[in-house]
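Data block below; observations after.
Here, each number is a calculation from the coordinates, and none is a lab measurement. Note that the structure is predicted; figures quoted are calculated from it, not measured. Here Cβ is always computed from backbone atoms with ideal geometry, including for glycine, and neighbour counts include all displayed protein chains.
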Amino acid sequence: MKECPFCGSDKIRICVSKGPDGPDSYFCECETCGATGPIKEDIWDTTDTDKKAVLRWNVRATNQEKERG
Ligand SMILES: [Zn+2]
């Protein structure tokens, strides 16, 4: 897993959001600055996993690095 694109911390944990109306959503959260990664695009997607949350986090971190140059 990539470091936090905002503070550089490697203390990233995976959280689960238990939607009352839908299937669970996984997302990554930086324990240092509280930044959170993207959740799945389709809230009705029942195949979301912690691994997918990590993938999304990595994509976002990579994009953030590109923006900074
Ligand atoms: Zn952070």
_Output needed: Cys residues of the chain lacking any neighbouring Cys C-beta below 4.7 Å, sorted by number._
CYS15, CYS28
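Taking Cα pairs under 8 Å and at least six residues apart, what relative contact order does the chain come out at, in percent? List each step's numbers first, then the result.
Numbers: 111 pairs, mean separation 21.4, N = 69.
Here the relative contact order equals 31 percent.
Order the peptides 51-57, 1-7, 17-23 from the highest to the lowest mean number of other Cβ atoms within 10 Å of their residues. Could you put the intermediate results ahead of the total?
Working: 51-57: 18.3, 1-7: 16.3, 17-23: 10.1.
Packing proxy ranking, top to bottom: 51-57, 1-7, 17-23.
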*Please list, or write none, the aspartates and glutamates whose alpha carbon is within less than 17 Å of the alpha carbon of LYS2, excluding same-chain residues fewer than 8 places away.*
ASP10, GLU29, GLU31, ASP50, GLU65, GLU67
*Give, in whole angstrom and from largest to smallest, the semi-axes √(5λ) of the equivalent ellipsoid of the range 12-68, with λ running over the eigenvalues of the Cα gyration tensor.*
21, 13, 9
*Amide H contacts under 5 Å for ALA35, placed H, 5+ residues apart*: CYS30
_Rounded tilt (10° steps) of 50-68 against the dominant C-alpha axis of the chain_ = 30
*If you add up the charges near GLY22, with Lys and Arg at +1 and Asp and Glu at -1, over every other residue whose beta carbon is less than 12 angstrom from its beta carbon, what do you get?*
-3
*How about LYS18: which lysines have a C-alpha closer than 17 Å to its C-alpha, ignoring those fewer than 8 places off in the same chain?*
LYS40, LYS51, LYS52
